[in-house]
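Shown next, in C-alpha cells, is the structure this report addresses.
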Amino acid sequence: MNPISIEDKLAVNKYDIDKDIHIKIREDICQTCDGHYCLYACPAECFRLEEGRIIFSYEGCLECGSCRIACDRGAIDWILPRPGFGICYEYG
Amino acid sequence: MELDAIIVGAGPAGCACGYKLAQAGLEVMVVERGKFAGAKNMWGGAFYGPALSELLPSLWEEAPVERYVACQRLSLLTDENCLSIEFTTPRFSQLPYNGFTLLRSKFDRWLAAKTEEAGAIVATGFEVDDLLWDGNRVAGVKSGSDELPASVVVACDGVNSILAQKAGLRGELKPSEVKQGVKEVIAFPRETVEQCFGLTGDEGVAWEFVGTCTRGLPGGGFIYTNKESLSVGIVVQLNALIEQGIKANDLLEDFKSHPTVAKLLDGGKLAEYSAHLIPVLGIDMMPRLYTDGLLVAGDAAAFVIGTGLILEGANFAVASGVAAAEAVARAKKKGDFSAKSLACYQELLEQSFVLKDLKTFRQAHRFLENPRIYGTYPKLVCDFAEKLFTSNGQPKKRAWQLLREAMKGKVSLWRIARDLMQGKGAV
C-alpha cells in the first residue's frame, strides 16, 4: 500500500458537512502562541500553519476532542456539530 | 409522563443501561447525537469477556460481529526487525468466545436496536447541551430550548463527557490523561484476510505492537482482523505527541510501512480513517461516579484498563451500564434518586470486576511512562534475536553471551531488574 496523504484519507470518510462551523479559533490568541500544539494534536490535521498564521478547516474534523484539551491558550471554542452533522462512521 | 431515566449516549454503556432498565419495566430514553448509534464511535477492535453475552444471550446468533479472537499476538519492533510472541488455544475458538472483533458503526446500531426492542426509546440525532437542574439536583437534560425532565440522568457520553463536567464531577481532561487512537480500516477480499493470517472460518487475530512504531513515545500499534478488512492503527499518549511535535497519522504511516506490516497491506483499499481519545489513567482520573439525580458510566467514568498486555474498555462500559441500571432500579423502588440512594452504584462496581480491575492495575500507567519499554527493550530483544538466529559461518556464541552483547551500551542488568520489579507491581 502506498503512503496516503491525510487529505486522501479524509476523502474516503463520510461526512454530513454543516454550513455552521462547530469549532472556532481565536486568531488573536493564536498569533501570540509559539507552541502550536493544535498542529500535532489534531489527527485529521485540520490545523495548518501558513505564513505564521494558524488556518483551521472544520470539514475534516473527527470530533475526537484532542484540540480542545491540547490548546493551553484557550484559543479553541469547541462544541459538537449539530445533530446529524459531522463525521458519520460507516465502519468505526 | 415523566421518564424514569434519560441515558445520554447510545454506546455500549448507554445501551446496556437502557436495555436493563427497559427490561425491568422502567420508562427510559436513550439519546444519541449521531445520526444513528455508532455514527460517532470508533475503537481498535476487540471486545473481551462475557459482559455482553451475559446481557444478550442471543449475541452469537444475531450480532454483527466480525471474527472471534483465536490468536493473540504481541510484537516488538525495531525499524526493520520484529520479534513476536503468539498465543493460541482451541478454547478461544469455542463458545462463549473469549474475545471477538467488531466494527462499532454496525455493532452499536444493532445494540441500540436491541435496546429499543426491549422497550426503551432510542432517539438518535439528538443533542444534549446541558443538564436540567432543580436546585442542586440533576432533574433531566436540555436540548436547545427544550427541557426533558427525568428522575435520573445516566451520563454515558464518552471520554469527553461534557455532562460529568457540567455536573461538577470532574475537571477538564488533560493531554496526559488520554491516548489518541488513529485507525484505518483497510478492505480486502475475505479470502485474502484468511490466507494472509492463516485463518479458517471466523477465526481472527488481535495483534499489538510495541517499539519504533511510536518513535519511542508511550503507546503502540495494532492490527485486528475483520471479516473483509483489517483495522490498522496507532495509539499514543496525547501529551507526548504535542510536546514532541509528532503527528499520529505520521506514526501510522511509519507503522504501515514497517516490513512486517507492509506486506500484509499490499493490495488493500482504504475504507475509512478514524480517531478517538482513550482515557488511560484509570482510577487516578475517575470522576465522582454519582450525584443527586446523575450517574456516570463507561468511558465518561474512565473505565478502561491498558497495561500494554491487556487493553479493555468496552466490557467495562457494558458492566458499568448494567450496574448503573441496577442502581437506578433500586432507587426507583425507594422513590429516592438522591446521591445517598444512588451510592449503591459505586458498591455494585466495587463488587464487580470493574473497580476491582481498575484497582489491580492502578499503577499500570506509571509503569507505562517508562520510555525504555518503547525504545531500549524492543531494540534489545530484536538485536538479541538477530544475533541468535543469524548463521554467518563464524564460530557461534552462547545465548547469554549474545544477550550481554545486545545489552551493551543500552541498559544495565541492574536497570532491567529495577524495571521488572516496577512492572511486577503494575501490570
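Per the Debye formula with a single identical scatterer at each Cα and no solvent contribution, what log10 I(q)/I(0) holds for the stretch B:367-424 at q = 0.12 Å⁻¹?
Cα-only, vacuum Debye calculation for the stretch B:367-424: -0.33.
For B:Lys332, give me every one of the aspartates and glutamates with a C-alpha distance below 19 angstrom, ignoring sequence neighbours fewer than eight places off in its own chain.
Of all the aspartates and glutamates, those that pass the test against B:Lys332 - Cα under 19 Å, at least 8 places apart if same chain - are B:Glu2, B:Asp4, B:Glu27, B:Asp134, B:Asp292, B:Glu347.
Report the residue, chosen from B:Ala155, B:Ala118, B:Ala13, that carries the largest GNM mean-square fluctuation when chain B is represented by alpha-carbon nodes joined by springs under 10 Å.
Greatest mean-square fluctuation among the candidates belongs to B:Ala118.
Loop only by DSSP, 16 or fewer other Cβ within 10 Å of the Cβ. Give me the trypsin sites (Lys or Arg not before Pro) in the stretch A:10-92 that pass, ordered by residue number.
A:Lys14, A:Lys19, A:Arg26, A:Arg73
With the cut-off at 19 Å, report for the stretch B:199-322 the share of all Cα pairs above it, as a whole percent.
Details: 4391 of 7626 pairs.
For the stretch B:199-322, the fraction of Cα-Cα distances above 19 Å is 58 percent.
Order of B:Asp134, B:Asp202 from fewest to most other C-beta atoms within 10 Å?
Working: B:Asp134 11, B:Asp202 17.
Listed from fewest to most nearby Cβ atoms, that is B:Asp134, B:Asp202.
Among B:Cys156, A:Cys67, A:Cys33, which comes first, then next, by fewest other beta-carbon atoms within 10 Å? Show your work: numbers first, answer last.
On the way: B:Cys156 33, A:Cys67 25, A:Cys33 15.
Fewest-to-most Cβ neighbours within 10 Å comes out as A:Cys33, A:Cys67, B:Cys156.
May I ask you to give the average projected area over all directions of the convex hull of the Cα atoms of the stretch B:249-322, in nm² rounded to one decimal? The partial results should precede the final answer.
On the way: hull surface 29.6 nm².
Mean projected area for the stretch B:249-322: 7.4 nm², to one decimal.
If you line up the long axis of helix B:413-424 against the longest principal axis of chain B, both from Cα atoms, how many degrees apart are they, to the nearest 10?
It is inclined by approximately 20 degrees.
Have a look at B:Leu173, B:Leu148, B:Leu388 and tell me which one the Gaussian network model of chain B (Cα, springs below 10 Å) gives the largest fluctuation.
B:Leu388
Just flag the GluC sites (Glu not before Pro) in the stretch B:334-374 sitting in loop per DSSP whose Cβ has no more than 16 other Cβ atoms within 10 Å. Working shown, then result.
Numbers: sites: B:Glu347, B:Glu350, B:Glu369; in loops: B:Glu369.
Filter output for the stretch B:334-374: B:Glu369.
Does anyone have the angle between helix B:248-257 and the longest principal axis of chain B? Alpha-carbon axes, 0 to 90°, nearest 10?
40 degrees
So what's the angle, to the nearest 10 degrees on a 0 to 90 scale, between helix B:12-23 and the longest Cα principal axis of chain B?
40 degrees
Take the alpha carbon atoms of the stretch A:14-63, find their center, do the same for the stretch B:205-240, and report the distance between the two centers in whole angstrom.
25 Å
Note the full-extension length gain between B:Gln23 and B:Lys142 as 0.36 nm times their separation in residues minus their Cα-Cα distance, in nm to one decimal.
Numbers: separation 119, 0.36 × 119 = 42.84 nm, distance 2.59 nm.
Here the answer is 40.2 nm.
With a point put 7 Å past each Cα toward its Cβ, work out how far B:Thr88 is from B:Trp60 in nm, to one decimal.
About 2.0 nm separates the two model spin labels.
How large is log10 of I(q)/I(0) for chain B at q = 0.07, 0.12, 0.13 Å⁻¹ when the intensity is taken from the Debye formula with one equal scatterer per alpha-carbon?
-0.36, -0.99, -1.13
Taking a ≥ b ≥ c as the square roots of the Cα gyration tensor eigenvalues, with a/c under 1.5 meaning rounded and otherwise prolate when a/b beats b/c, else oblate, which class fits the stretch B:152-192? List each step's numbers first, then the result.
Numbers: a/c = 6.49, a/b = 2.24, b/c = 2.90.
Cα axes put the stretch B:152-192 in the oblate bin.
Tell me whether chain A comes out rounded, prolate or oblate; compute the Cα gyration tensor, take square roots of the eigenvalues as a ≥ b ≥ c, and use a/c under 1.5 as the rounded threshold. Let's see the in-between values first.
On the way: a/c = 2.10, a/b = 1.37, b/c = 1.53.
The shape class here is oblate.
Under 1.5 on a/c is rounded, so check that first for the protein assembly as shown, then, if it is not, pick prolate when a/b is larger than b/c and oblate when it is not; a ≥ b ≥ c are the square roots of the alpha carbon gyration tensor eigenvalues.
Details: a/c = 1.67, a/b = 1.44, b/c = 1.16.
Prolate is the answer for the protein assembly as shown, as a/c is 1.5 or above and a/b outweighs b/c.
Please identify every one of the GluC sites (Glu not before Pro) in the stretch B:41-110 that sits in a loop by DSSP and has no more than 15 other beta carbons within 10 Å of its own beta carbon. Walk me through the numbers on the way to the answer.
Values: sites: B:Glu54, B:Glu61, B:Glu62, B:Glu66, B:Glu80, B:Glu86; in loops: B:Glu66, B:Glu80.
Of the GluC sites (Glu not before Pro), the ones in loops of the stretch B:41-110 whose Cβ has at most 15 other Cβ atoms within 10 Å are B:Glu80.
Readers should treat all values here as calculations from the given coordinates under stated rules, not as data from a laboratory. Computed from a prediction, not measured in an experiment: that's the story for all the values here. For neighbour counting, all protein chains shown are included, and Cβ atoms are generated from backbone atoms with ideal geometry for every residue, glycine included.
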